[in-house]
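Below: one structure, written as structure tokens.
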Amino acid sequence: MLLETALERTFLAIKPDGVQRGLVGEIIRRFETKGFTLVGLKLINVSKELAEQHYDVHRERPFFAGLVEFITSGPVVAMVWQGEGVVASARKIIGATNPLTSEPGTIRGDFGINIGRNLIHGSDAIETAQREIKLWFKDEELVSWTPHLAPWLKE
Ligand code: DAT
Ligand code: MG
């Protein structure tokens, strides 16, 4: 039971605005201190092909072209985080899509003001996370490990 729930994983990406504004450490810290486990991490320039596949569900939306242009405009920090309930919890830590209405205390609520510059992507469901992790990471780029502080986070 413990093992099964702990295997939940989500895909997070610090977008070019987060990297350019020097918020990489601050953003990673929030998931790290919450108690989730980092199992994948890389800084990459996103290709147009990857961007279009990642945002495929938004292909017909008027903002699609701008979204692809933005995510390919500078380095992105791609990450996989693991832990019980990590998909939904990470979405809460990230905050609502439009930073103007995101709650203070969330990443978008604390650092953003515009929907087109909302700093970070997070998978919206477990199935989406599985698709996105496969899209962004090779199996061998993911590291399975047990943090020594596990007994201090969970009874
Ligand atoms: P989220 O990133 O919170 O999952 P989403 O999946 O609905 O939000 O949209 C993906 C990204 O597209 C979002 O982070 C910012 C951009 N976006 C969404 N709605 C938009 C809009 N109405 N105008 C401009 N950009 C938008
Ligand atoms: Mg989304």
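The values are calculated or read from the model by the stated rules, or taken from the named source; none is laboratory data. In this text the structure is predicted, and so the values were computed from the model without any measurement. Cβ sites come from the backbone with ideal geometry, for glycine too, and all protein chains shown count toward neighbours. Just so you know, the surface numbers come from the protein's heavy atoms only, side chains and all, with ligands and any DNA or RNA stripped out. Shrake-Rupley method; radii C 1.70, N 1.55, O 1.52, S 1.80 Å.
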Test for Leu135: is it open to solvent by 30 Å² or more (accessible area, probe 1.4 Å) and over 19 Å from Ser47 (Cα atoms): no
Within the stretch 104-124, is even one residue in contact with a strand residue (DSSP E or B) (Cβ under 9 Å, 6 or more places away or on another chain) and either modelled with pLDDT under 95 or open to solvent by 80 Å² or more (accessible area, probe 1.4 Å) (or both)? no
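A quick yes/no check of all residues on (1) among the β-branched types (Val, Ile, Thr); (2) over 19 Å from Arg30 (Cβ atoms):
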position	(1), (2)
Ile94	yes, no
Gly105	no, no
Arg131	no, yes
Lys134	no, yes
Restricting to the stretch 94-127, what's the tally of residues that are more than 13 Å from Gly18 (Cα to Cα), in contact (Cβ under 8 Å) with a residue 60 or more places away in the chain and near ligand 1 (Cβ under 9 Å from one of its atoms)? 2
Does at least one position in the stretch 140-152 carry a residue that is β-branched (Val, Ile, Thr), within 15 Å of ligand 2 (Cβ to nearest atom) and at pLDDT 95 or above? no
Could you give me the residue pairs with C-beta distances under 8 Å whose first residue belongs to the stretch 20-44 and is open to solvent by 100 Å² or more (accessible area, probe 1.4 Å), whose second residue is part of a helix (DSSP H, G or I) wherever it lies, and which are 6+ apart or on separate chains? Arg21/Phe111; Lys34/Ser89; Lys34/Ile93; Leu43/Val19
Anything in the stretch 44-63 that is within 11 Å of ligand 2 (Cβ to nearest atom) and either among the aromatic types (Phe, Trp, Tyr) or in contact with a strand residue (DSSP E or B) (Cβ under 9 Å, 6 or more places away or on another chain) (or both)? List them, or say none. His54, Tyr55
How many residues does the stretch 51-81 contain that are near ligand 1 (Cβ under 9 Å from one of its atoms), in contact with a helix residue (DSSP H, G or I) (Cβ under 9 Å, 6 or more places away or on another chain) and of a type in the set (Phe, Trp, Tyr)? 3
Looking at Val87, Val143, Val80, which one is under 12 Å from the mean Cα position of the chain (by Cα), of a type in the set (A, V, I, L, M, F, W, C) and outside any helix (DSSP H, G or I)? Val80
